Amino acid sequence: AILERTLPGTRVHRLDLPGAGTECARPASLSVPGMAEDVRRRWLALRERTEGADGLWGLFGISLGGMVSIAWCAAYPEDFGRLVVVNSSLSDLSPAWHRMSLGSAANVVRILSTNDGVAREREVIAMTTRQCRDVEARAAKWATYQQDRPMQRLNVLRQIVAASRFRAPPAIDTPMLLLIGARDGLCNPACPRAIADRYGAP
C-alpha cells in the first residue's frame, strides 16, 4: 500500500515463494531457479487475469527474493522492464561469512529451535531491522502470521540450501538497480555491491 501511494499509477502484486505464506503447504524448492520457475508460473496466470496488464511490469525482490528475481530475469529477460534487488548476495561473488554473519547464523539456530512464536519473531526483528519502535507488538502480530500460514522448519532449511548454491548468471539484460542497507546485520553491504559490480548496475 505504501509503495502504491508513493508511486502513483503503480499496482503492486505480491507472490510468495514456494513453502512460504500462501504457498506454505508446499515444499520449498532446493534451487533458486526452481523457485523462479514456480513464481513465474503463478505470475503468468496473474498477468492473464489482470486488467491493463499490457503495461510495463517491474520486479522487486529482497534477500532470497532478490536471488529469485535475478534468476528469473536471467532466464526470461522479456518479462520485466525493470528489476530492483535489495540486500541480496550470490555464492560465487561473496564469501559465506559476508552472506550470513556468524551472529546471524546463531540467530537462525535460535529461531529454528524455539517453539515460542513471539520469541521467534522477536529474533527475526532484531536481525532484520533497526526501525521497529514497538518490538513486542510487532513480534506478537507477526507470530499470528506464522499461526495462520506456518513456515515449516524443513522449508527454511531448504531455502538456506538453495540460497547457498545459487551462483551469478552469465548476464542480466533487464535494467537492474541494487539497494543496500548500509548497516544490514544479516547480509554484508559488500554483497549487493559485488552484484552491482558484476552486472554494471547502479
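Points to keep in mind about this one:
- Of the residues making up the stretch 54-67, those that are among the hydrophobic types (A, V, I, L, M, F, W, C), open to solvent by less than 60 Å² (accessible area, probe 1.4 Å) and within 21 Å of residue 200 (Cβ to Cβ) number 2.
- Per the conditions (1) modelled with pLDDT of 80 or more; (2) in a helix (DSSP H, G or I); (3) closer than 25 Å to residue 26 by Cα, the sole criterion not satisfied by residue 109 is (1).
- Filter result for residue 182 (part of a loop (DSSP other than H, G, I, E, B), over 17 Å from the mean Cα position of the chain (by Cα) and free of Cβ contacts under 8 Å to residues at least 24 places away in the same chain): yes
- Flag for residue 115 being part of a loop (DSSP other than H, G, I, E, B), of a type in the set (S, T, N, Q) and farther than 14 Å from residue 63 by Cα: yes
- Here the helices (runs of 4 or more DSSP H) wholly within the stretch 1-89 that include at least 3 residues being modelled with pLDDT of 95 or more and of a type in the set (Lys, Arg) are 32-48.
- Residue list for the stretch 131-168, restricted to those being in a loop (DSSP other than H, G, I, E, B) and either surrounded by 12 or more Cβ atoms within 10 Å (Cβ to Cβ) or touching a residue at least 60 places away in the same chain (Cβ under 8 Å) (or both): 132, 149, 150, 151, 152, 166, 167, 168
- Looking only at the stretch 68-104, residues that are surrounded by fewer than 15 Cβ atoms within 10 Å (Cβ to Cβ) and farther than 20 Å from residue 31 by Cα come to 6 in all.
- Among (1) open to solvent by less than 90 Å² (accessible area, probe 1.4 Å); (2) without any contact (Cβ under 8 Å) to a residue 60 or more places away in the chain, the one test that residue 109 misses: (1)
- Pairs with Cβ under 6 Å, 6+ apart, first in the stretch 50-73 and more than 15 Å from residue 192 (Cβ to Cβ), second assigned to a helix (DSSP H, G or I) and open to solvent by 40 Å² or more (accessible area, probe 1.4 Å): 53/47; 71/33
- Candidate set: the stretch 1-53, residues that are among the acidic types (Asp, Glu) and open to solvent by 50 Å² or more (accessible area, probe 1.4 Å); chosen: the one nearest to residue 66 (Cα to Cα): 16
The values are calculated or read from the model by the stated rules, or taken from the named source; none is laboratory data. If you're wondering where the values come from, they're calculated on a predicted model, not measured in any experiment. So basically every Cβ, Gly included, is an ideal-geometry build from the backbone, and we count neighbours across all protein chains shown. Just so you know, the surface numbers come from the protein's heavy atoms only, side chains and all, with ligands and any DNA or RNA stripped out. Shrake-Rupley method; radii C 1.70, N 1.55, O 1.52, S 1.80 Å.
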